[in-house]
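Report on the structure given below.
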Amino acid sequence: MTVLEHLIADMPKAELHLHIEGSLEPELMFALAQRNKVTIPFASVEDVRAAYSFSRLQDFLDIYYAGADVLRTEEDFRDLALAYFDRAAADNVVHAEIFFDPQAHTDRGIPFSVVAEGLLAGMKDAEAKHGLTSRLILCFLRHLDEDAAFATLAAAEPWLDRIEGVGLDSSEMGHPPAKFANVFARAGEMGLRRVAHAGEEGPPAYVHEALDLLKVDRLDHGNRSLEDQALVTRLARESMTLTVCPLSNLKLCVIDDMRAHPIPTMLRQGLRATINSDDPAYFGGYVNDNYRALATAGLVDADDLILLARNSFLGSFLDDAAVATHLAALDAAAHHYQPSR
Ligand code: ADE
Ligand code: ZN
């Protein structure tokens, strides 16, 4: 291993952009299909992996929703979550704020309670097994309408004390944040945190809407913000956290080469960028693979890697005391790697 690879492995970190349904590995997909007697359109695990070639976000989403069909019972959601947390813990993730897409399940007849209870049980397991803490973020599917989002928020009511916030994901183009301004306002009144995918494929105007109309606490992706200098200045001034996903960007053709990834520009412009895996089972790697991809492409040095891990705690929804504890542990782990200190 190189020095930077050792550093990446040794740094405690938080993961802030992870779709739990996107952590469904082909092996588990097959096991659940068998357990639930569900037929899937693939003959083997290799067959599934071979299908993971995408030229845009929608190509991926079609396969992602099809794969989620094997998830039927509370036990399935619990197994899914724990499988992710096992992988995350191996990457020294000490805290994760995970997305779930309830409408991808309720629309095919799986009750909200099955999804929520299963995931919450997996989160509890992870804390007992690895000491890994986590929070749950309920995402509205933006290709559906705002009434459906309101219905989902209503279905979530009994669990809202265990749900940290709401997010917005799925097909970005043609589904601007403005479409969900009312439901996000309601979520804010209910004391929920707000995040949204914006500027992954969509224009800088969508990022403006996420800030001004959805009043987000954090921005998911945000890559295309760089096309608007006034927006970049604002994001930096407001210390807005961006949850950036390098391998996802490459797989979904947001960039055509890792060497062209915007992370160095983001850091240079003073943006609070973080590194995340998005949908690791589909994009070829978990969080440390994402940090390593940047290092291998020559885009980051030790100081940058430490700053990115630091930002992951600063951008989390943990309280100040927990953030301080994690930052002290990060400093202790990273100390030897900083040639500048
Ligand atoms: N759902 C799962 N992953 C997503 C992504 N990267 N963008 C939008 N919606 C998603
Ligand atoms: Zn995402």
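When you look at GLU227, is it more than 19 Å from ASN276 (Cα to Cα), modelled with pLDDT of 95 or more and either within 16 Å of ligand 1 (Cβ to nearest atom) or out of contact with any Lys or Arg (no Cβ under 7 Å at 6 or more places or on another chain) (or both), yes or no?
In short, yes.
Keeping to segment 210-260, report how many residues are within 16 Å of ligand 2 (Cβ to nearest atom) and either small (Gly, Ala, Ser) or in a helix (DSSP H, G or I) (or both).
Count: 11.
Residues are listed down the side, and each one gets a yes or a no for (1) touching a Leu at 6+ places or on another chain (Cβ under 9 Å); (2) within 16 Å of ligand 2 (Cβ to nearest atom):
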{"position": "ASP169", "(1), (2)": "yes, yes"}
{"position": "GLU172", "(1), (2)": "yes, yes"}
{"position": "ALA178", "(1), (2)": "yes, no"}
{"position": "ALA181", "(1), (2)": "yes, no"}
{"position": "ALA187", "(1), (2)": "yes, no"}
{"position": "GLY191", "(1), (2)": "yes, no"}
{"position": "ARG194", "(1), (2)": "yes, yes"}
{"position": "PRO203", "(1), (2)": "no, no"}
{"position": "VAL207", "(1), (2)": "yes, yes"}
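Of a type outside the set (Lys, Arg), under 25 Å from ALA154 (Cβ atoms), away from ligand 2 (no atom under 15 Å from the Cβ) and buried (at least 19 other Cβ atoms within 10 Å of the Cβ): which single residue out of ASP101, ASP76, ASP91 fits that description?
Testing whether each residue is of a type outside the set (Lys, Arg), under 25 Å from ALA154 (Cβ atoms), away from ligand 2 (no atom under 15 Å from the Cβ) and buried (at least 19 other Cβ atoms within 10 Å of the Cβ) leaves just ASP76.
Can you name every residue in segment 1-53 that is at pLDDT below 95, charged (D, E, K, R) and exposed (fewer than 15 other Cβ atoms within 10 Å of the Cβ)?
GLU46, ASP47 - these are the residues of segment 1-53 that are at pLDDT below 95, charged (D, E, K, R) and exposed (fewer than 15 other Cβ atoms within 10 Å of the Cβ).
The values are calculated or read from the model by the stated rules, or taken from the named source; none is laboratory data. In this text, all values refer to a predicted model and were calculated from it rather than measured experimentally. Glycine gets a Cβ as well: all are built from the backbone with ideal geometry, and neighbour counts include every protein chain shown.
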